[in-house]
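What follows draws every value from the coordinates through simple rules; no lab data is involved. Nothing here was measured: the structure is a model prediction, and the numbers come from that model. Cβ coordinates were reconstructed from backbone atoms using ideal geometry, including for glycine residues, and neighbour counts include every protein chain displayed.
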Amino acid sequence: MEHILTNQLRAAKAAGRVLSRVSGDVRAALVENIAGAVDAAKISILAANSIDVNAAKAAGMSVTLIDRLRLTDAKLDGMVSDIRAVSMLPDPIGKSTSIGVQASGLTVNRVSIPLGVVGVIYESRPNVTTDISALCIRSGNAVVLRGGSETLNTNRALVAAIRSALGEFREAVQFVDDPSRERVRDLICADRYVDVIIPRGGAALGRLCSEEGTVPVIIGGAGVCHLYLDQSAKPKGALEVILNAKTQRTSVCNALDTLLIHRNVMDGLGIAIAAVLSVDGVCLHVDDTAAVLLERHGLPYVRVTEEDLATEWLGMHLNLLVVDGLPEAISHILQYGSHSDGILTEDPETAETFIREVDSPAVFVNASTRFHDGGQFGLGAEVAVSTQKVHARGPLGLEALTSYKWIASGDYLVRN
């Protein structure tokens with residue numbers, strides 16, 4: 001392992017032990033300090049971000065990715081607000097759950113503790129740097145951040161502000177500013193120092209971490225998002241939700257990728273929705289049934305492929321498929337879904353069946369998939385959105401950054 005990284009990991013582990021022993025009030029104050037430091041460093045952060053954005057444009061990076069990495073005054077204000085929200089969340093550490101006194105006389109309790117050292121590998125979005133740092137400090141964890149090369153200058157400026165706010169605990173936040181692939185491999189194999197790896201990126205990054213790393217991994221981020229438009233849905237409300245899910249911000253993991261429309265409403269509400277999406281610049285990837293209807297109404301489309309159905313678009317593309325009803329919609333989502341999946345319906349029984357049978361980290365009823373977010377779920381912020389079931393699922397907030405230990409007490413008790 002590269003010598004500089006080894007030193008960073010050792011420092012993080014030592015700092016994490018110290019941080020885990022201080023009170024929740026101290027950790028909350030540290031997070032509030034981070035908010036103030038980031039706010040005070042706005043000018044230097046925006047200047048660094050401008051360098052990254054200009055470099056990304058010169059390199060021909062897609063509009064979607066540039067949107068993910070670009071900061072504005074408003075975005076920075078939002079990041080500061082999110083940090084402050086984390087500082088005000090209840091302390092997740094030291095919560096004791098009594099299991100009770102056993103027949104042997106043994107008293108058993110379970111107490112929440114930090115995970116230890118959290119390694120996060122991510123790209124593009126600078127707010128990840130502040131969100132994760134705030135969540136880890138609040139939950140008593142040290143963190144090792146490895147951002148993408150496209151945001152190197154921005155992350156350096158952000159981490160400088162964060163570490164300046166932490167004083168004696170500054171080593172609890174480490175930033176790997178070597179963007180080489182070798183450092184990723186070093187980090188995911190550093191099980192001597194790192195307790196968990198959270199990759200925020202595409203499926204390939206998740207596979208790399210889980211297949212080639214030795215540190216436990218929480219897979220998050222990538223996945224195909226669906227909405228099923230039932231025949232009973234309110235037309236106006238359904239249109240507003242679909243537009244929000246697809247076009248409000250296309251470069252994020254909870255943006256809509258596939259719209260499933262009940263056959264009975266395709267040649268009415270379905271066409272109206274397709275028309276609005278087309279006017280907004282969305283390229284529709286449609287099946288044979290939808291193609292016939294869109295052509296009849298003079299709407300543009302391309303034929304959907306099997307590869308399209310498994311694609312997280314992160315841009316102005318949308319799969320549009322016609323289904324015979326709820327069972328077919330559920331079957332499709334079970335095959336291709338893994339992130340954020342929802343239904344638009346006025347039928348309570350249909351909604352309940354959808355909730356019961358769709359096995360996704362978050363299921364939405366008459367709401368946009370764009371709500372799949374730690375802040376929107378009341379968690380303050382998130383480290384990532386986990387698409388697995390162990391150790392945590394959905395938005396990874398403070399509770400997901402904790403484990404527990406068992407405390408067993410007796411009066412010089414022996415087991416018979």
Under the helix-only model (-39500 (n - 2.57) for each DSSP H run of 4 or more, divided by the residues of the chain), the mean residue ellipticity at 222 nm, to 500 deg cm²/dmol, is -13000 deg cm²/dmol
When each pair of different Cα atoms in region 162-234 is counted once in the 1/r mean, what is the Kirkwood radius in angstroms, to one decimal? 15.1
If you take the square roots of the eigenvalues of the alpha-carbon gyration tensor of region 55-141 and sort them as a ≥ b ≥ c, do you get rounded (a/c under 1.5), prolate (a/b over b/c) or oblate? prolate
Row for region 85-234, column shape: gyration tensor on C-alpha, a ≥ b ≥ c, rounded if a/c < 1.5 i.e. under 1.5, prolate if a/b over b/c, else oblate; value oblate
Based on the alpha-carbon gyration tensor of region 302-397 and its eigenvalue square roots a ≥ b ≥ c, which shape applies: rounded if a/c is under 1.5, prolate if not and a/b is larger than b/c, or oblate? oblate
If you consider only alpha-carbon coordinates, what radius of gyration and Dmax does region 4-148 have, in Å? 19.3, 71
Sparse-neighbour loop sites [GluC sites (Glu not before Pro); region 309-390; at most 14 other C-beta within 10 Å; DSSP]: E346
Peptides 305-311, 118-124: what's the order by average Cβ count within 10 Å, highest mean first? 118-124, 305-311
Diffusion coefficient in µm²/s returned for the chain by Stokes-Einstein, Kirkwood Rh over C-alpha pairs, 20 °C and 1.002 mPa s, is 93
Only Lys, Arg, Asp and Glu count, each charged at its Cβ (+1, +1, -1, -1), so figure out the dipole size of region 161-211 about its Cα centre, rounded to 20 debye. 180
Fully extended contour minus Cα-Cα distance, from D267 to D411, at 0.36 nm per residue: 44.3 nm
Say we join alpha carbon atoms closer than 10 Å with springs in a Gaussian network model of the chain; which of N54, N319, N153 then has the biggest fluctuation? N54
Rg/Rg_globular for region 355-400, with Rg_globular taken as 2.2 N^0.38 Å and Rg from C-alpha atoms: 1.13
Antiparallel versus total DSSP beta bridges in the chain: what percent is that, nearest 5? 30
In region 357-416, what chymotrypsin sites (Phe, Trp or Tyr not before Pro) fall in a loop by DSSP, with at most 12 other Cβ atoms inside 10 Å? Y412
Measure of compaction for region 232-320 (Cα Rg per 2.2 N^0.38 Å): 1.00
Taking the alpha-carbon distance from K389 and a cut-off under 28 Å, which lysines remain once sequence neighbours fewer than 8 residues away in the same chain are dropped? K13, K95, K246, K405
Quick one: of the DSSP bridges fully inside region 92-230, what percent are antiparallel, nearest 5? 25
Let's see if you can work this out: charge +1 on each Lys and Arg Cβ, -1 on each Asp and Glu Cβ, no other charges. What is the dipole magnitude of region 224-371 about its Cα centre, in debye to the nearest 20? 540
Cα-centre dipole for the chain with unit charges at Cβ (Lys and Arg positive, Asp and Glu negative), debye to 20: 1540
DSSP-loop trypsin sites (Lys or Arg not before Pro) across region 340-416, with at most 13 other Cβ within 10 angstrom: K389, R415
